[in-house]
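Worksheet: the structure to be examined is printed underneath.
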Amino acid sequence: KRGTSVYLVDRVIPMLPHALSNGICSLNAGVDRLSLSCLMKINCAGEVVDYEIVESVIRVDKRMSYTAVQAILEDEDIVNREPDYVQYRDFVALFQEMKELSAILRERRKARGAVDFDFPECKIILDKEGHPLEIKPYERQTSNMIIEDFMLAANETVAEHFFWQEL
């Protein structure tokens, strides 16, 4: 009944029914999930040089947050100092590569004339009754942009695929 999730100040109304969005469609660490994947090879200039759209099984290695990834991107050594971050030690190099590719993809889109929707956002703090107490600026960080850039690349690749299939 919904084409997208709806994000309200204090909750999210998922696109899918709750039983699906928090159940079989939820990416839980160590659990196999059926997926439709767009596997892309992207060169140093940010061009998709090869891709394949396939039915797949994915398994999340670690459940992470944007906050944790951002902390690691800002201070790689945090994985050696902070006990909560030790579990991510093996992923630091991958995060750095993702950051580099994200920046390349974003620059390429900008050069093509893409519209930048990076408007200031706010986080609204509510009391127990749901009344606003405070409005704070919410800063989009590198960890957010990585996911956005990768999703856009996948969406563009799939759209182009269907365009050439005349579907």
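The values are calculated or read from the model by the stated rules, or taken from the named source; none is laboratory data. Everything numeric here is computed off the predicted structure, so don't read it as measured data. Here the Cβ is made from the backbone with ideal geometry for all residues, glycine too, and neighbour counts use every protein chain on show. Surface areas here come from the heavy atoms of the whole protein model, side chains and all, with no ligands, DNA or RNA. Shrake-Rupley method; radii C 1.70, N 1.55, O 1.52, S 1.80 Å.
For the range 29-49, name all the residues that are under 22 Å from Arg59 (Cβ atoms) and open to solvent by less than 70 Å² (accessible area, probe 1.4 Å). Those that are under 22 Å from Arg59 (Cβ atoms) and open to solvent by less than 70 Å² (accessible area, probe 1.4 Å): Ala29, Gly30, Val31, Arg33, Ser35, Ser37, Cys38, Met40. Residue check: Thr142 meets all listed conditions (1) closer than 29 Å to Lys41 by Cβ; (2) open to solvent by 60 Å² or more (accessible area, probe 1.4 Å) but one, namely (2).
Rundown of residues vs (1) part of a loop (DSSP other than H, G, I, E, B); (2) more than 24 Å from Val31 (Cα to Cα); (3) open to solvent by 60 Å² or more (accessible area, probe 1.4 Å); (4) hydrophobic (A, V, I, L, M, F, W, C), yes/no style:
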| position | (1), (2), (3), (4) |
| --- | --- |
| Ala68 | no, no, no, yes |
| Tyr88 | no, no, no, no |
| Val92 | no, no, no, yes |
| Met98 | no, no, no, yes |
| Phe119 | yes, yes, yes, yes |
| Gly130 | yes, yes, no, no |
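Total residues in the range 1-28 satisfying the condition of being open to solvent by 70 Å² or more (accessible area, probe 1.4 Å), among the aliphatic types (A, V, I, L, M) and in a loop (DSSP other than H, G, I, E, B): the figure is 5. Arg109 falls short on exactly one of the conditions (1) under 25 Å from Tyr7 (Cα atoms); (2) of a type in the set (Lys, Arg); (3) open to solvent by less than 40 Å² (accessible area, probe 1.4 Å), and that condition is (1).
Pairs linking a residue in the range 139-167 that is polar (S, T, N, Q) to a residue that is outside any helix (DSSP H, G or I), with Cβ atoms under 6 Å and 6 or more positions apart or on different chains, are Thr157/Cys38; Thr157/Met40; Thr157/Val48; Thr157/Tyr51. Do we find that Glu52 is under 22 Å from Val158 (Cα atoms) and open to solvent by 40 Å² or more (accessible area, probe 1.4 Å) in this structure? So Glu52 fits the description; yes. For Asn80, indicate whether it is polar (S, T, N, Q) and either surrounded by 12 or more Cβ atoms within 10 Å (Cβ to Cβ) or in contact (Cβ under 8 Å) with a residue 60 or more places away in the chain (or both). No, not satisfied. Taking the criterion of being aliphatic (A, V, I, L, M) and in contact with a helix residue (DSSP H, G or I) (Cβ under 7 Å, 6 or more places away or on another chain), would at least one residue in the range 103-116 satisfy it? Yes: one or more hits.
Yes/no per residue for (1) acidic (Asp, Glu); (2) more than 20 Å from the chain's Cα centre (by Cα); (3) at pLDDT below 90:
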{"site": "Ile24", "(1), (2), (3)": "no, no, yes"}
{"site": "Arg33", "(1), (2), (3)": "no, no, no"}
{"site": "Ser37", "(1), (2), (3)": "no, no, no"}
{"site": "Ile42", "(1), (2), (3)": "no, no, no"}
{"site": "Glu47", "(1), (2), (3)": "yes, no, no"}
{"site": "Arg59", "(1), (2), (3)": "no, no, no"}
{"site": "Gln70", "(1), (2), (3)": "no, no, no"}
{"site": "Glu74", "(1), (2), (3)": "yes, no, no"}
{"site": "Tyr85", "(1), (2), (3)": "no, no, no"}
